[in-house]
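Laboratory data are not the source of any read-out in this text; all were calculated from the coordinates shown. As the structure is a computational prediction, the values presented were derived from the model and not from experiment. For neighbour counting, all protein chains shown are included, and Cβ atoms are generated from backbone atoms with ideal geometry for every residue, glycine included.
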Amino acid sequence: MNILPASTITASALDAEKMRVEITSQNIANAHTTKGPDGQPYQRRIVAFESVLDAATGNNLQGVRISDIKRDETKGEVIFSPEHPHADENGNVQMPNVNLPFEMVDMVTATRAYEANLAVVRNAKQMASQALTIGR
């Protein structure tokens, strides 16, 4: 049994999930950023994954990668806060479109997926060690 392809696939999944955690962390950190460098409220980012297939055969799975990091274009909530420095003439503030409970669920999901892939690496390492002791 060759564990190297499985390790390569798992390593790509670990990298992708790490990026998903980072993007979700950015979303959480900017949940109250009402004015970014572009003058607009922060827009949450969404990570999209895609399968990487063997170029020669076109069907052997080689891993996963991030195909895109998109901005969620939906508008955030408008709140009435006349004392806010970014309030308009009516006292309304356009908030970012970040939903903290949703982001926390996404963070837990990404963390669990990362842990599952890490368990695959540990198990593959253990299997390889045990295979080396068979002939002794």
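General observations
- Estimated FRET transfer efficiency when R0 is 35 angstrom, pair Ala116-Asp38 (beta carbons, to 0.05): 0.40
- The GluC sites (Glu not before Pro) found in the range 17-105 that occupy coil by DSSP, while having at most 13 further C-beta atoms within 10 Å, are Glu73, Glu77, Glu83, Glu89.
- The value given for the chain is a Kirkwood hydrodynamic radius of 17.9 Å, derived from the mean inverse Cα-Cα separation.
- Computed magnitude of the charge dipole of the range 4-132 (debye, nearest 20; Cβ of K, R +1, Cβ of D, E -1): 540
- Full-stretch length increase - Leu53, Ser25 - with 0.36 nm per residue and alpha-carbon distance subtracted: 7.1 nm
- Helices in the chain, meaning DSSP H runs of at least 4 residues, each add -39500 (n - 2.57). Divided by all residues, the mean residue ellipticity at 222 nm is -15500 deg cm²/dmol.
- Our estimate of slack between Gln62 and Ala11, defined as 0.36 nm per intervening residue step minus the Cα-Cα distance, is 17.3 nm.
- Angle in degrees between helix 4-29 and the longest Cα principal axis of the chain, rounded to the nearest 10: 10
- Amide H partners (placed H, <5 Å) of Val52, local residues excluded: Gln62, Gly63, Val64, Arg65
- Each of His32, Thr111, Gln130 was scored by the projection of its Cα onto the charge dipole of the chain, and the greatest displacement toward the positive side belongs to Gln130; charges sit on the C-beta of Lys, Arg, Asp and Glu.
- Relative contact order for the range 4-132, counting Cα pairs under 8 Å that sit 6 or more residues apart, in percent: 31
- Taking the range 4-132 as the region of interest, the number of lysine pairs whose Cα atoms are within less than 25 Å, with members eight or more places apart or on different chains, is 4.
- For the chain, the longest principal axis of the Cα atoms and the long axis of helix 100-132 meet at an angle of about 10 degrees.
- The trypsin sites (Lys or Arg not before Pro) of the range 62-104 that DSSP puts in a loop, and whose beta carbon has at most 15 other beta carbons within 10 Å, are Lys75.
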